[in-house]
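The values are calculated or read from the model by the stated rules, or taken from the named source; none is laboratory data. Please read all numbers here as calculations on a predicted model, not as lab measurements. Positions of Cβ are backbone-derived with ideal geometry, glycine not excepted, and every protein chain shown enters the neighbour counts. Ligands, DNA and RNA are excluded from the accessible area calculation, which covers all protein heavy atoms including side chains. Shrake-Rupley method; radii C 1.70, N 1.55, O 1.52, S 1.80 Å.
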Amino acid sequence: MEQRRATNRALRTQNRAALLTALFLDGPLSRQDLAERCWLSQAAVSNVVADLMDDGLVTEAGAVESDGGRPRILLRVAPRYATVAGVDVGETRVRVELFDLAMTPLAKADYPTDTLDPDVVVRHILTGLAAVTDGFTDVLGVGIGVSGLVEQRPEAVVHAQTLGWDGVPLERMLRTGTDLPLHLDNGAKTWAQAEHWFGAGKGVRHAAFALVGSGVGAAIIADGQTYRGSSSSAGEWGHTTLVYNGRSCRCGARGCLEAYIGAEAVIERAREAGIRVSGPDEESQVAAVLADPAAGEVLAETAAYLGAGVANLINLFNPERVVIGGWAGIALGGLLPEIRDAAAAQAMRRPFAQTSIELCRLGTDAVALGAATLPVARLLAAGGIRD
């Protein structure tokens, strides 16, 4: 009898998770749509939807005409059931945002920084959380996207070699200032989840997401799931070797892809070519390079290097789509035809022909948006049952 109850509870949770996920990612949907998408009977859908509505997780969202029958009532995840916070720990600033469950931005706090000392980062995150959650009582959780390897111990530890972070106990440090549930992950992975759920990767089962900013990283979606490797460090694309014994990389190696296409590398190569680069920060300096007619050769080389890196992703992972993003990736978007040509020249012909190469669609805020989906993903997987 107890085993039967456990089985029934597991089935109920599974059905709740399936319906909630469909509504979150593709809603509004009718009960008939849910039955078809989730392979459930109309009766099962009606029962689960009734439970979810009683819990406040699902609400009606209007109606649509049906063929010859009564209008179909549309359903969606209730936007104000709870809020979620997302944090982007970038190399030039820490951004904290608050969203409702429709992923509509509600509040934002930005903290420019010229140091990534862990104590400073923690202070910015906690200050930002206090600012954006002021007046909101039901915060589901906080997602945090950060550079490097996030080791998922009982308390997450960050290893970011390029930042000089060696086993930084970031979750424990944050616990001193907040009781909110914390979810930490690599920033490229959080960005990729946002683009996969809502942006250029939506509807694709196999994709590679190339994040180009001050640093360079990637995330791989394989059969709809993030590929992590044995210790969650998969995706350090920026530190694959492009030129053996080439330019020095800040990770300590030589010839890494990041040493050629990261923002710092583009600026440095432009200066070496005699181009005057001005501006108070990396973003304005990259913009200056892009606007300088004398930078044509540097930009052509950058497109070729980035295209070669994309070709490596295609050859290794056979994705349906490669999405290029990050603030520097977006800035280099005008070079997309040249990047595609370079990838075509370096990739195997058949997998290249099966791949599209596109720019991201969610803009520069997508790391924080993706981080905010981490507590949402936990809620969906649990069928809306909170700890």
For this session: Give segment 255-270 a look and list any residue that's in contact (Cβ under 8 Å) with a residue 12 or more places away in the chain and either open to solvent by 20 Å² or more (accessible area, probe 1.4 Å) or among the β-branched types (Val, Ile, Thr) (or both), or say none.
Result: Ile261, Glu264, Val266, Ile267
Exercise. Taking the stated definitions as given, is Gly252 closer than 15 Å to Phe317 by Cβ and in a loop (DSSP other than H, G, I, E, B)?
Worked result: no
Exercise. Which of the following residues is more than 17 Å from Ser214 (Cα to Cα) and either at pLDDT 95 or above or part of a helix (DSSP H, G or I) (or both): Ala259, Ala304, Ala287?
Worked result: Ala304
Problem set entry | Residues satisfying the stated conditions in segment 271-284, i.e. surrounded by 15 or more Cβ atoms within 10 Å (Cβ to Cβ) and outside any loop (DSSP other than H, G, I, E, B) | Glu282, Glu283
Exercise. Identify, please: which residue in segment 240-254 is free of Cβ contacts under 8 Å to residues at least 60 places away in the same chain and either open to solvent by 20 Å² or more (accessible area, probe 1.4 Å) or touching a Pro at 6+ places or on another chain (Cβ under 6 Å) (or both) and is, among those, farthest from Gly201 (Cα to Cα)?
Worked result: Asn245
Problem set entry | Wholly enclosed strands (runs of 3 or more DSSP E) of segment 160-225 bearing at least 3 residues touching a helix residue (DSSP H, G or I) at 6+ places or on another chain (Cβ under 9 Å) | 182-186, 207-212, 216-222
Seminar exercise, completed: Conditions (1) on the phi < 0 side of the Ramachandran plot; (2) in contact with a Ser or Thr (Cβ under 9 Å, 6 or more places away or on another chain) -> Gly148 fails only (1)
Seminar exercise, completed: Counting only residues in segment 359-386 that are out of contact with any Leu (no Cβ under 8 Å at 6 or more places or on another chain) and outside any helix (DSSP H, G or I), the one farthest from Val322 (Cα to Cα) is identified as Ile385
Problem set entry | Subset of segment 56-80 that is free of Cβ contacts under 8 Å to residues at least 40 places away in the same chain and within 24 Å of the chain's Cα centre (by Cα) - its residue that is nearest to Leu180 (Cα to Cα) | Arg80
Problem set entry | Selection within segment 312-366 - farther than 21 Å from Tyr260 by Cβ and without any contact (Cβ under 8 Å) to a residue 40 or more places away in the chain | Met348, Arg349, Arg350, Pro351, Ala353, Gln354, Ser356, Gly363, Thr364
Problem set entry | Among (1) in contact with a strand residue (DSSP E or B) (Cβ under 7 Å, 6 or more places away or on another chain); (2) open to solvent by 20 Å² or more (accessible area, probe 1.4 Å); (3) among the polar types (S, T, N, Q) - the single one Ser230 does not satisfy | (1)
Problem set entry | Filter result for Leu306 (closer than 20 Å to Glu258 by Cβ, open to solvent by 40 Å² or more (accessible area, probe 1.4 Å) and of a type in the set (A, V, I, L, M, F, W, C)) | no
